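Take a look at the structure set out below.
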Amino acid sequence: MENKNVLLRITNLKQYFPIKGGRFVKANDGITIDIYEGETFGLVGESGCGKSTLGRTLLQLYRQTDGRSVYYGRTLADVAPRYFDETIRSVNKRRRQCYELKAAYDAKLKEYEAMPDEVAGEDGTTVENVAKFKMAEEVANAKRTMDNAYTDIVSIFGGFMVVGDLSTATQLYMRLARSFRKAAKLRLELAEANLNLSDAQFKYNNSENKSSGAASAIARYQDKVAACEAALDAAHAEVDAARAALDQERAKHADNPEFVALEELRDDGIDLARLTYEEMRQLRSDMQLIFQDPYSSLNPRMTVGQIVGEGMLAHGYFKKNNEQMQEAVLKVMESCGLAPYFVHRYPHQFSGGQRQRIGIARALGVYPKFVVCDEAVSALDVSIQSQIINLLQDLKEEQNLTYMFITHDLSVVKYISNRIGVMYLGTMVELAPSEEMFAHPMHPYTEALLNAIPTTDQRRELLILEGDIPSPVNPPKGCKFHTRCHYCTEICRHVTPELIEVRPEHFVACHHMLHAEDATMHVDEINQVEN
């Protein structure tokens, strides 16, 4: 991809669901990925691996258990989240916690490095030190905990994390937070004023009776809009002045290498996991979902027009019974291949493909930036799947959308995706550009999925991955795939592999990853399957 602007940065995301006996279903267990603007990120894996849970957790339909989900489609100034204030007010406490966690990590690491790699076995021979395998896991967990704590504060405070006296910086950040809140409030007032003005102008222009009362109402709304715009400009000037004061304070520490290094980690993204319910609602129009089932996801008592327009009303784009909204509904329906006369029909009057188009129109009616397509074509006939995929591709180009495309169909994900992530039992085991993934699969699970694709090539035996996915309530220790992997050794049973870059933009989490020449599924075979 040429466009490398990050839209979503997910770090160590965990989604656990509580069940009886104080246990948890570990649906997502430490996922770290970046999703770029304008790309389609394909997510594949067997049923029950946590794909849909990840998509819904990113939208905060499920509040994530741990980790960070940072959204860069808007800035902190746009939302002015409460957690920004809370971090500022508790910065000294958070900094102390970071130092304590670093000391704990350093102690664990020192203990680990002092342990021998091999010990004497029961029969007198030298064997691998299993205790060191287990300690490696503790060291990795301690590092993740430390990194999360540092990221939490450094992303906002940057280099001020290491400055001895934080009082001046704290006061400047509190000034910036007040400016953020003021600007955010005025933006909402301006949006409401513009909505009232647009509604009044539309009614006046489409009315035969041009009364003086209607004209004076338009004038009042125009004055309100002008006043809100002036107030918002002043608030933006306050934000700029607060930022300039902070930049001036930062310049005083430009000779401190540690300060400069931490400044590079400061960002203006919004941590979705820390937003309140109302704050997240402000971003709902940016992040939408296309459901898997086109039948149960539509309200049978609502017409197509009501279904598509529901989000527009909820997010304040129009007032109820506004004729402008009907025009907007018809426009988005047309872009999704739905005829205008469908607007008064009910879901039961449509085929599966048409219903999925209605679901797509509903999602795109609020002009999102990021859309989770949750098995959006799996419930459709093969002939209809291609139509819906082509529609999604066209809409992506027209509206500069970013997709997370969740599916279990590898041929589909290769066609539509720029990059592909392979999930197994709640974890990401391989991540690579689409062509690279199919040409050089390097994780044994990816290899197994690709080799299970039916082909007309009689020289290659169809290989089926044996065994079932273990329970997410009690997943295996170490590598979660080791119970089904024929490359498994002792280290796989005790140490969880990290997701590391092994080829350009190709990340793998495996102790015994395949070399490119060892992969048994090649590009020519994939093309043969598709043709």
### Summary
The answer for the net charge of residues other than ARG181 whose Cβ lies under 10 angstrom from its Cβ, with Lys and Arg +1 and Asp and Glu -1, is +3
### Summary
Residues other than ASP286 with Cβ under 9 Å of its Cβ, Lys/Arg counted +1 and Asp/Glu -1, net out at +3
### Message
Multiplying the sequence separation of ALA241 and TYR295 by 0.36 nm and subtracting their Cα-Cα distance, what value in nm do you get?
### Response
14.2 nm
### Query
Between ASN92 and GLN326, what FRET efficiency follows from the Cβ-Cβ distance if R0 is 56 Å, with the result rounded to 0.05?
0.50
### Task
Rank by packing, highest mean first: peptides 474-480, 187-193, with packing defined as the count of other Cβ atoms within 10 Å averaged across residues.
474-480, 187-193
### Query
Amide H neighbours of VAL372 under 5 Å, counting only residues 5+ apart in sequence or on other chains, H built in-plane at 1.01 Å?
GLN288, LEU289, ILE290, MET404
### Task
Using a 1.4 Å probe over the heavy atoms of the protein chains, calculate the carbon and sulfur portion of the accessible area of the chain as a whole percent.
50 percent
### Qualifying trypsin sites (Lys or Arg not before Pro) in segment 251-296, DSSP loop, other Cβ atoms within 10 Å at most 15
LYS252, ARG266
### Query
What are the residues whose amide H is under 5 Å from the amide H of THR40, where those residues sit 5 or more places off or on another chain and H is modelled from the backbone?
TYR403, ASN418, ARG419
### Summary
Sorting THR489, LEU401, TYR346 by the position of each Cα along the dipole of the chain (Lys, Arg +1; Asp, Glu -1; all at Cβ), the one nearest the positive end of that ordering is TYR346
### Task
Enumerate by residue number the GluC sites (Glu not before Pro) in segment 254-303 meeting two conditions: DSSP loop (anything except H, G, I, E, B), and at most 15 other Cβ atoms within 10 Å of the site's Cβ.
GLU264
### Query
Taking segment 1-101, which GluC sites (Glu not before Pro) meet the DSSP loop condition and have no more than 10 other C-beta atoms within 10 Å?
GLU2
### Query
Using helices alone, what [θ] at 222 nm do you get for the chain, with -39,500 (n - 2.57) per DSSP H run of 4 or more residues, divided over all residues and rounded to the nearest 500?
-15500 deg cm²/dmol
### Query
Rounded to the nearest 0.05, what FRET efficiency do MET302 and SER47 have when you use their Cβ-Cβ distance and R0 = 30 Å?
0.50
### Task
Return the distance in nm (one decimal) between the two label points of a simple spin-label model at GLN171 and ALA104, each offset 7 Å from Cα along Cα→Cβ.
3.5 nm
### Query
Taking the DSSP beta bridges in the chain as the whole, what percent of them are antiparallel, to the nearest 5?
65 percent
### Query
Measuring with a 1.4 Å probe in the full set of protein chains, what accessible area per residue, in whole Å², belongs to the chain?
49 Å²
### Task
Return the distance in nm (one decimal) between the two label points of a simple spin-label model at LYS20 and ARG82, each offset 7 Å from Cα along Cα→Cβ.
3.5 nm
### Alpha carbon centroid spacing (whole Å) that separates segment 150-228 from segment 6-65
33 Å
### Task
Could you calculate the contour length gain from MET115 to HIS512, that is, 0.36 nm times the residue separation minus the distance between their Cα atoms, to one decimal place in nm?
140.6 nm
### Task
Grab the Cα-Cα distance for ALA439 and VAL127, subtract it from 0.36 nm times how many residues apart they are, and report the gain in nm with one decimal.
108.6 nm
### Task
Compute the FRET efficiency between ARG266 and GLN349 as 1/(1 + (r/R0)^6), taking r as their Cβ-Cβ distance and R0 = 60 Å, and round to the nearest 0.05.
0.65
### Base-10 log of normalised Debye intensity for segment 339-387 (one unit scatterer per alpha-carbon) at q = 0.27, 0.31 Å⁻¹
-1.14, -1.22
### Query
What shape does the chain take by its C-alpha gyration tensor, where a ≥ b ≥ c are the square roots of the eigenvalues and a/c under 1.5 counts as rounded, a/b above b/c as prolate, and the rest as oblate?
oblate
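The values are calculated or read from the model by the stated rules, or taken from the named source; none is laboratory data. Keep in mind it's a predicted model, so treat the numbers as computed, not measured. Virtual Cβ from ideal backbone geometry, glycine too; neighbours counted across all protein chains shown. Quick note on the areas: whole protein, heavy atoms, side chains included, nothing else; ligands and nucleic acids left out. Shrake-Rupley method; radii C 1.70, N 1.55, O 1.52, S 1.80 Å.
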